[in-house]
Amino acid sequence: MAHDKVVERYSGLARTAMTGRSVIDCEADEFDKGCFGTAGYDDISGLPQGALLASLGCGNPVAVAELRKGETVLDLGSGGGIDVLLSARRVGPYGKAYGLDASPDMIELARHNAAGVDNVEFLHGTIEAIPLPAHAVDVIISNCVVNLSDDKPAVLAEAFRVLRPGGRLGISDVVTDETFDPTALRRVGCEAGALSLEKYGELLASSGFVSTTITLTADHGGGVHSAIVQATKPAIGPGLEIRPMRDADAGQVLAIYQQGLDTGQASFETSAPTWEVFTASRRLRYVAVDAETGEVVGWVAASPVSTRPVYAGVVEHSVYVHPGCQAHGIGRALLTAFIAAAEDAGIWTIQSSIFPENAASLSLHQALGFRVVGTRKNIARHHGAWRDTILVERPTEAPRSASLCESGSHHE
């Protein structure tokens, strides 16, 4: 559904709610049996009747967002304000709850419903272009609204932008599975189309989110479900951000790579590859950047250890930090984010080879759960000398799939 039609539709519903009548945005029997509206909440006592009448969500994102006192939370598509008011209760007087909606009538309704509540603010704007600066909020919630957007990648990219490092995404939404029937979406009011479970995960990952979970909460038939979607923006120290690596980062990434190689303690390589070679052979690529200038201060990426399907979930990673930015926890933050992203991607073993002389790297890996497999003596000549390497590995929490290992009788 086009943006203007969505706004027109929900503005009309807001005007209806202002008259004291309940509103629904899907077929009546689906609304009642699908746990839409206030049915998904465990405690709505004390909320204004106007907020309850205009409740059109498909779950209770406030409950799963684990809001804490003093936090700042943003509700994407806040409607009549029910989730903003519930959030305001949880974050307390020293926290703040923002609501964002594209419908002026919904904003008017929500402001009326929130009269007298000091720690809330309603913003008029779109969820594809959030009118807040970067790193402005701790938590983003949304209740059955992302599915209404016709540019869902922009929504998730904007959510990532405005979250502070370590911030959380906890939303209720409608998703589809492999049995998806388009008519079922129309029954529950998802005219713009819902994301599949797989596509939702892909878009969250490409936006930069890690530790993603999608939990189905209600079956609406025809391969359509309500779900809770949770994810995290990677944590890192003040003034920094971890995000997916981009082509525009090429020069800085390769420069940091070369600086590491020049120490003679990072890799058997002596010169950084071209960007084409680098990107062709590496996945799960992330950078740590200065949040103000965008300058890259470190990166992490992985390469497959083998092309054989039986090793599809095994990667070898590298992590490099600008020599002027070391000993500030950047490497730890990058590696922590990488481990979470690897688990999301179904990687079951992460490994790396470390020179014994690189004690800092070995200590970092062991602190993050890597075990020493053993020392490979005189494994290669480097700058005219024989060198040893220490092989380390870390199993992840990613589920093992038997089907990935049923591809031949080779023994390695």
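The values are calculated or read from the model by the stated rules, or taken from the named source; none is laboratory data. Small disclaimer: the values here were computed from a predicted structure and weren't measured. Cβ sites come from the backbone with ideal geometry, for glycine too, and all protein chains shown count toward neighbours.
Below are the figures for this structure:
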| quantity | calculated |
| --- | --- |
| Qualifying residue in region 247-259 (condition: surrounded by fewer than 20 Cβ atoms within 10 Å (Cβ to Cβ) and touching a residue at least 60 places away in the same chain (Cβ under 8 Å)) | yes |
| Number of positions in region 243-299 that are of a type in the set (S, T, N, Q), closer than 19 Å to Phe355 by Cβ and in contact with a Pro (Cβ under 9 Å, 6 or more places away or on another chain) | 2 |
| Residue within region 145-166 that is surrounded by fewer than 23 Cβ atoms within 10 Å (Cβ to Cβ) and at positive phi present | yes |
| Meets criteria (aromatic (Phe, Trp, Tyr) and at pLDDT 95 or above) for Phe180 | no |
| Ser267 surrounded by fewer than 13 Cβ atoms within 10 Å (Cβ to Cβ) and in the same structural domain as Ala342 (by TED's automatic domain parsing) | no |
| Qualifying strands (runs of 3 or more DSSP E) (wholly inside region 314-392; at least 1 residues being touching a residue at least 24 places away in the same chain (Cβ under 8 Å), among the acidic types (Asp, Glu) and closer than 30 Å to Leu197 by Cα) | 314-321 |
| Region 290-309, residues that are assigned to a loop (DSSP other than H, G, I, E, B) and over 21 Å from the mean Cα position of the chain (by Cα) | Glu292, Thr293, Glu295, Val305, Ser306, Thr307, Arg308 |
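Yes/no per residue for (1) buried (at least 17 other Cβ atoms within 10 Å of the Cβ); (2) of a type outside the set (Lys, Arg); (3) over 15 Å from Met245 (Cβ atoms):
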residue	(1), (2), (3)
Arg282	yes, no, no
Ala312	yes, yes, yes
Pro323	no, yes, yes
Ile347	yes, yes, yes
Ser363	no, yes, yes
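Table: residues versus (1) at pLDDT below 90; (2) out of contact with any strand residue (DSSP E or B) (no Cβ under 6 Å at 6 or more places or on another chain); (3) not charged (D, E, K, R).
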{"residue": "Arg15", "(1), (2), (3)": "yes, yes, no"}
{"residue": "Ser45", "(1), (2), (3)": "yes, yes, yes"}
{"residue": "Pro61", "(1), (2), (3)": "yes, no, yes"}
{"residue": "Gly80", "(1), (2), (3)": "yes, yes, yes"}
{"residue": "Val84", "(1), (2), (3)": "no, no, yes"}
{"residue": "Tyr94", "(1), (2), (3)": "no, yes, yes"}
{"residue": "His112", "(1), (2), (3)": "yes, yes, yes"}
{"residue": "Asn119", "(1), (2), (3)": "no, no, yes"}
